[in-house]
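The values are calculated or read from the model by the stated rules, or taken from the named source; none is laboratory data. What you see is a predicted model, and the numbers here were worked out from it, not measured in a lab. All Cβ positions, even for glycine, are placed from backbone atoms using ideal geometry, and neighbour counts span all protein chains on display. The accessibility values were calculated without ligands, DNA or RNA, using every heavy atom of the protein model including side chains. Shrake-Rupley method; radii C 1.70, N 1.55, O 1.52, S 1.80 Å.
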Amino acid sequence: MIDDLILSDFKQDGAVHLSGVFKDWLTVLERGAEFNIQHPNENALTHKADSHKGLFMEDFCSWQRIPEYEDFIRNSPMAGIASQLMHSQSVQFFHDHLLYKEAGSGVPTPWHQDIPFYCVSGLQTVSFWIPLESREKKVSLRCASGSHLLDKEIRPTSWSNNESFYADDSQFMDIPDIDNGDYEVREWEMEPGDAIAFDFRTIHGANANTVASRSRTLSFRLVGDDVRYRQRNGRTSPNFPEINQQTGEVLRTDWFPVIYS
Ligand SMILES: O=C(O)CCC(=O)C(=O)O
């Protein structure tokens, strides 16, 4: 399913388009996402622009209560593909993330890296961004090619007010000027069943949903052999307040199951 060109593109660009890899799982994913949209966790996030009607909702960590998500995580080809992309013998599941944008929602996803928001460090990471309907390029994920190779993490900020996410943010660098050409931007037209696989360090974002229909996307986050728990200087997103782990430990497997080895 994954050829050498895809592997080398992932290594070089930090993001690849995978055509049709999950087409046999669409019904399962749609059923799970519909349930999730109707029954979000109580700490689900909503963003709304004053000038627009549509809502943008994000929800996290639902796989233990949505059997369709668990079925996909444990039984779809995702874990095997992740092992190949990360060059990792084992794959641990980190979390699921629903991004639901109503028609005409005016809230873009700003350029950002994911890893600074997370309680992990390591180089073997991958997210699968899976839209459940076709996407024109203008409403698809946008990835800054090669940005995963930066040697410092980008300062994480809150998407709603752009404030720094952690109290002490001196260890982070400013985000490069992607819109003015600091990196080449990769974006793909997507069909249901396609995915974009990207490294947790790849800078990415998305335009607001400007089309006349709602958009449902699932992002599944997976980690490989070299990933360890990392205590951050404040709450992470998603946050795991009861995790009870020390920096440097392998993520506890009762919360983050090994799905490939
Ligand atoms: O779909 C989007 O708006 C952004 C997705 C994203 O940031 C992610 O999956 O990490």
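Annotations for the structure displayed:
- Any hit, the range 224-231, residues being within 24 Å of Pro77 (Cβ to Cβ), open to solvent by less than 10 Å² (accessible area, probe 1.4 Å) and within 13 Å of the ligand (Cβ to nearest atom): no
- Of all residues in the range 240-251, none satisfies being more than 14 Å from the ligand (Cβ to nearest atom), open to solvent by 10 Å² or more (accessible area, probe 1.4 Å), of a type in the set (S, T, N, Q) and touching a helix residue (DSSP H, G or I) at 6+ places or on another chain (Cβ under 9 Å).
- Residue ID - least open to solvent (accessible area, probe 1.4 Å), chosen from residues in the range 101-127 that are among the hydroxyl-bearing types (Ser, Thr, Tyr) and in contact with a helix residue (DSSP H, G or I) (Cβ under 8 Å, 6 or more places away or on another chain): Thr125
- The range 35-79: number of residues that are within 14 Å of the ligand (Cβ to nearest atom) and aromatic (Phe, Trp, Tyr): 2
- Qualifying residue in the range 117-128 (condition: within 12 Å of the ligand (Cβ to nearest atom), over 21 Å from Met57 (Cα atoms), of a type in the set (S, T, N, Q) and modelled with pLDDT of 95 or more): yes
- Any hit, the range 169-184, residues being within 15 Å of the ligand (Cβ to nearest atom), more than 29 Å from Pro257 (Cα to Cα) and open to solvent by less than 50 Å² (accessible area, probe 1.4 Å): yes
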